[in-house]
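The values are calculated or read from the model by the stated rules, or taken from the named source; none is laboratory data. Keep in mind that what you see is a predicted model, and the values were worked out from it rather than measured. Cβ atoms come from the backbone with ideal geometry, glycine included; neighbour counts cover every protein chain shown. Quick note on the areas: whole protein, heavy atoms, side chains included, nothing else; ligands and nucleic acids left out. Shrake-Rupley method; radii C 1.70, N 1.55, O 1.52, S 1.80 Å.
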Amino acid sequence: MAAQKQYELVYIASPEATEEQLTELQSLVEGIVTKANGTIDKADVWGRRRLAYQIGRHKEGHYVVLLFSAAGESVKELDRRLKVNDTIIRHLIVRVDEELQKAARAKARRDAETRRRRVARGLPPEPTPEELMAKQAALENQDDAEV
């Protein structure tokens, strides 16, 4: 069995699509992913938005973003099924697990460097609650001064 990888799917449905059609489309995508032993990690429906540029005759569309884990074969099937669906104007599937891992490693390096610098200055490795509150207050004052 192929390893599960994490993907992000963004699709734009036609603005003429009814709520029932959008629900069917969502269940179709979930069905394809779960049929191949995948999981939907997060579903974010943005709703009806204006497109950045006109696609065909459409100037608006219903945006949906899904984060899911699945095998590569199921992603190919999902892509194929979305291409032939008339309700969908555009879709894009991107593998995101590598980028998330890179971001996590970069954050860990930044945190380690911050701890090292704090210890070198004679401070505890982690900021105290008082320091965090003072930093938050400084940021709020800075935002107020800009307005």
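Tabulated data for the structure shown
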| read-out | value |
| --- | --- |
| Yes/no for R80 being open to solvent by 100 Å² or more (accessible area, probe 1.4 Å), out of contact with any Leu (no Cβ under 9 Å at 6 or more places or on another chain) and modelled with pLDDT of 90 or more | yes |
| Residue in segment 67-77 that is nearest to V29 (Cα to Cα), counting only those that are open to solvent by 40 Å² or more (accessible area, probe 1.4 Å) and over 18 Å from the mean Cα position of the chain (by Cα) | E77 |
| Number of positions in segment 87-101 that are touching a residue at least 40 places away in the same chain (Cβ under 8 Å) and either under 21 Å from G61 (Cα atoms) or open to solvent by 60 Å² or more (accessible area, probe 1.4 Å) (or both) | 10 |
| One residue from E16, E30, E20 being loosely packed, with under 13 Cβ neighbours inside 10 Å, in a helix (DSSP H, G or I), at pLDDT 90 or above and not hydroxyl-bearing (S, T, Y) | E20 |
| Check on V45, part of a strand (DSSP E or B) and either surrounded by 16 or more Cβ atoms within 10 Å (Cβ to Cβ) or in contact with a Ser or Thr (Cβ under 9 Å, 6 or more places away or on another chain) (or both) | no |
| Exclusive hit being among the hydroxyl-bearing types (S, T, Y), open to solvent by less than 50 Å² (accessible area, probe 1.4 Å) and in contact with a Phe, Trp or Tyr (Cβ under 6 Å, 6 or more places away or on another chain), set Y11, Y63 | Y63 |
| Filtered residues of segment 65-111 (kept if among the charged types (D, E, K, R) and not in a helix (DSSP H, G or I)) | D86, R90, R95 |
